[in-house]
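Inspection log for the structure reproduced underneath, given as structure tokens.
The values are calculated or read from the model by the stated rules, or taken from the named source; none is laboratory data. These numbers were taken from a predicted model, which means no experiment stands behind them. Neighbour counts are summed over all protein chains in view; Cβ atoms, including those assigned to glycine, are modelled from backbone coordinates with ideal geometry. Each accessible area value is taken on the protein alone, full model and side chains, heavy atoms only, with ligands, DNA and RNA left out. Shrake-Rupley method; radii C 1.70, N 1.55, O 1.52, S 1.80 Å.
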Protein chains: 2
Amino acid sequence: MKLVSFDVWNTLLDIGVMLSFLSKGLGEVTGIEEEETAGGVSLARERIKGMRSKGTGNPERALEESQELLAELLGINVELVKRATARAVLRVGDEIVLPGAKEALEGVKRKDLKVTVTGNVMFWPGSYTRLLLERFGLMDHIDKTFFADEVKAFKPMREMFEKPLKAFNVRPEEAIHIGDTYAEDFEGALKAGLWAVWINPKAEGVRRIHERGFEVPSVGGILEVLEEIEKS
Amino acid sequence: MKLVSFDVWNTLLDIGVMLSFLSKGLGEVTGIEEEETAGGVSLARERIKGMRSKGTGNPERALEESQELLAELLGINVELVKRATARAVLRVGDEIVLPGAKEALEGVKRKDLKVTVTGNVMFWPGSYTRLLLERFGLMDHIDKTFFADEVKAFKPMREMFEKPLKAFNVRPEEAIHIGDTYAEDFEGALKAGLWAVWINPKAEGVRRIHERGFEVPSVGGILEVLEEIEKS
């Protein structure tokens, strides 16, 4: 193994925390009740996840489409969505960093492996997620970041996984990707030829579920998976 | 007049402050002396400004090109440029807001005009500039923002000015753009058919220098210009 690729949201950072600050920010800039903005955020999220799993949606405009859909559901101008994401990024605290995330990154770096982030985007650009990774010290253990709005592709598309492989000059079987979304992260990585780790909070421990695939209960499981692969 | 368009850097926000934090951030993440990173930033900036005024450079990749050029000049990975811009955005204080900027925006809104930001990008994405405008309270007086990396065009290109006109459903002669760079802001806006205001710190006062153009010593001059246009 040469490269470990991490999904961001619900792998390293808590999406629930971010979406709650986003809903609050939307309430402030629009005057709409926070309960309603939170409902809009949930509904938009569900629809976009559905679109992406069906392979519809334009990868060139994946971010803009998500911002426009949310704006439309709330009946507001898209600029207010952008403002609310800026407020959320400025205000979240380090409760957004998931338990074990920093230790997982440090553990991988101690094994002298390259670390990349391979993340989808929704509502806010990858640059804001990069800012959060920097702000809470995670970037100190990450070599490169690839976000869907910059790559112009999104997981589970093969191109999204091929970009980091190419950047590190690594073959698919020398790389492993870990993330919480089964279709985007686990199946996507396997289809692109990488090893894959699915974070399933209901899993009781680390378990092999595919020739090149594992399930783990949380991000820290990556270290146990790497040891198991080394042994075999 | 229906729409006032503001350039950002050296019109509303102080580019010198931002570049100094960027150079500091580059020093931290690379270990290179800050004097050297600052030199690289200056040189990259000069080259890119030259390229853009000659109309070379790819508007689809204007941001990436600037990041890559800076990385190349410093002999570092482009990810470190992105990290340094994130650090700069997180650390600058409100000394970055130029004197009179907030008052100019408030004055324009009091006249019941629409306000847009029309900004070029270099080294960091428009989303980071939007974050700074939000953080320091300027977005409260701005209706929409258009940044070159999102529009896929840059000033002085006509497309860059046409985008806000279209968004506000306004004719060119009903809009005025103010900025500090003669070729990008003043000439660009005039060529696109808008009124134009050039911020020339050496100007002694507000002065008409073209059928549809003025020079002013600082951003506050926009209010005097608007009054003059109303009178005539």
Tally of residues being exposed (fewer than 14 other Cβ atoms within 10 Å of the Cβ) and of a type outside the set (Val, Ile, Thr) across region A:26-82: 13
Which residues, taken from region B:144-155, are of a type in the set (D, E, K, R) and within 14 Å of another protein chain (Cβ to nearest Cβ)? B:144, B:149, B:150, B:152
Region B:156-180, residues that are assigned to a loop (DSSP other than H, G, I, E, B) and either within 14 Å of chain A (Cβ to nearest Cβ) or modelled with pLDDT under 95 (or both): B:156, B:157, B:169
For region A:83-94, the count of residues that are surrounded by fewer than 19 Cβ atoms within 10 Å (Cβ to Cβ) and either under 18 Å from residue A:28 (Cβ atoms) or modelled with pLDDT under 95 (or both) equals 3
Would you mind finding the one in A:180, A:185, A:149 that is touching a Ser or Thr at 6+ places or on another chain (Cβ under 6 Å) and in contact (Cβ under 8 Å) with a residue 24 or more places away in the chain? A:180
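Rundown of residues vs (1) of a type in the set (D, E, K, R); (2) more than 19 Å from the chain's Cα centre (by Cα), yes/no style:
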residue	(1), (2)
A:22	no, no
A:26	no, yes
A:32	no, yes
A:38	no, yes
A:47	yes, no
A:50	no, no
A:60	yes, no
A:73	no, yes
A:111	yes, yes
If we ask which residues in region B:181-195 are touching a strand residue (DSSP E or B) at 6+ places or on another chain (Cβ under 7 Å), small (Gly, Ala, Ser) and outside any helix (DSSP H, G or I), their number turns out to be 0
Return the residues of region A:170-224 that are touching an Asp or Glu at 6+ places or on another chain (Cβ under 6 Å), of a type in the set (Gly, Ala, Ser) and surrounded by fewer than 22 Cβ atoms within 10 Å (Cβ to Cβ); say none if nothing qualifies. A:203
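Yes or no: region A:57-70 includes at least one residue that is of a type in the set (Lys, Arg), more than 28 Å from residue A:4 (Cβ to Cβ) and more than 10 Å from chain B (Cβ to nearest Cβ). Give the steps one after another, and end with the answer.
First, pick out the residues of region A:57-70 that are of a type in the set (Lys, Arg): A:61.
Imposing the further condition that a residue be more than 28 Å from residue A:4 (Cβ to Cβ) reduces the set to A:61.
Filter once more, keeping what is more than 10 Å from chain B (Cβ to nearest Cβ): A:61.
Scanning region A:57-70 turns up at least one residue that is of a type in the set (Lys, Arg), more than 28 Å from residue A:4 (Cβ to Cβ) and more than 10 Å from chain B (Cβ to nearest Cβ).
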Only residues in region B:86-104 that are within 14 Å of chain A (Cβ to nearest Cβ) and within 30 Å of residue B:224 (Cβ to Cβ) count as the first member; pair them with residues that are open to solvent by 20 Å² or more (accessible area, probe 1.4 Å) and part of a loop (DSSP other than H, G, I, E, B), Cβ under 6 angstrom, at least 6 apart or cross-chain, and list the lot. B:94/B:136
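Taking the criterion of being under 26 Å from residue B:58 (Cα atoms) and β-branched (Val, Ile, Thr), would at least one residue in region B:151-163 satisfy it?
Start the filter on region B:151-163 by keeping residues that are under 26 Å from residue B:58 (Cα atoms), which leaves B:151-163.
Adding the requirement that they be β-branched (Val, Ile, Thr) leaves B:151.
Yes, region B:151-163 has at least one match.
I'm trying to understand the selection: among the residues of region B:47-65, which are of a type outside the set (A, V, I, L, M), within 19 Å of residue B:187 (Cβ to Cβ) and part of a helix (DSSP H, G or I)? Even if it seems obvious, please write down each step before you answer.
Kept after step one, since they are of a type outside the set (A, V, I, L, M), are these residues of region B:47-65: B:47, B:49-50, B:52-61, B:64-65.
From what's left, within 19 Å of residue B:187 (Cβ to Cβ): B:49-50, B:52-57, B:59.
Answer for region B:47-65, where residues must be of a type outside the set (A, V, I, L, M), within 19 Å of residue B:187 (Cβ to Cβ) and part of a helix (DSSP H, G or I): B:49, B:50, B:52, B:53, B:59.
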Tell me whether region A:10-20 contains one or more residues that are open to solvent by 40 Å² or more (accessible area, probe 1.4 Å) and touching a residue at least 40 places away in the same chain (Cβ under 8 Å). yes
Do you know which of the residues in region B:133-143 that are crowded, with 20+ Cβ neighbours inside 10 Å, in contact (Cβ under 8 Å) with a residue 12 or more places away in the chain and facing another protein chain (nearest Cβ under 9 Å) is farthest from residue B:189 (Cα to Cα)? B:133
Which of the residues that make up region B:144-161 are in contact with a Phe, Trp or Tyr (Cβ under 8 Å, 6 or more places away or on another chain) and open to solvent by 30 Å² or more (accessible area, probe 1.4 Å)? B:144
Out of curiosity, is residue A:121 surrounded by 21 or more Cβ atoms within 10 Å (Cβ to Cβ), closer than 19 Å to residue A:219 by Cα, within 13 Å of another protein chain (Cβ to nearest Cβ) and of a type outside the set (Lys, Arg)? no
